[in-house]
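Report on one structure; see the data block that follows.
Every read-out reported here was derived from the displayed coordinates using simple, explicitly stated rules and does not represent laboratory data. Note that the coordinates shown come from a computational prediction; the quantities given were computed from them, not determined experimentally. Cβ sites come from the backbone with ideal geometry, for glycine too, and all protein chains shown count toward neighbours.
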Amino acid sequence: MHVTPVKALLSELAEHHGERVVHLFWGVSTREDLYDLESLREHAARCSHAFVHAVVARGPAHPYTSGSLPPVVVDFGEWTSHDVYLSGSPPRRRRHAEHAAATRVDPWRVHTVTLEPVGTR
């Protein structure tokens, strides 16, 4: 995931003093892939209700959560009354959308977001 667009979204949320609770789950392959986690968390800290959760799929994860992103998100809480925004490659977005549907999140609450530069689509 490219974190620059996410930082911009968090900055906008903080600027508008939004009260929306935001949980950002950043799924990576290894701990080394969390290259900009502290900066992302600093942006989230400017919002009154934003939280960043790092999820590491392979290898040592401590102090972060270990596992595959979709089941970690599902196990984190009940999402049926939330809007869900998915980012990543098209196959990953489809897989995450299927997990959201399996947890009874209404399809109209599931949104996909493309954060890649326009020239790479």
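One residue is enough: does region 65-77 have a residue meeting the conditions farther than 21 Å from V110 by Cβ, aromatic (F, W, Y) and in contact with a strand residue (DSSP E or B) (Cβ under 9 Å, 6 or more places away or on another chain)? No, because not a single residue in region 65-77 is farther than 21 Å from V110 by Cβ, aromatic (F, W, Y) and in contact with a strand residue (DSSP E or B) (Cβ under 9 Å, 6 or more places away or on another chain). Scanning region 69-80 for residues that are surrounded by fewer than 17 Cβ atoms within 10 Å (Cβ to Cβ) and closer than 18 Å to L24 by Cβ yields P71, V74, D75, F76, G77, E78.
Residues that are of a type in the set (D, E) and in contact with a His (Cβ under 8 Å, 6 or more places away or on another chain) within region 1-38 comprise just one, E19. Within region 10-41, the set of residues being part of a helix (DSSP H, G or I) and either in contact with a Gly (Cβ under 9 Å, 6 or more places away or on another chain) or surrounded by fewer than 17 Cβ atoms within 10 Å (Cβ to Cβ) (or both) comprises S11, E12, A14, E15, R31, E32, D33, L37, E38, S39, R41.
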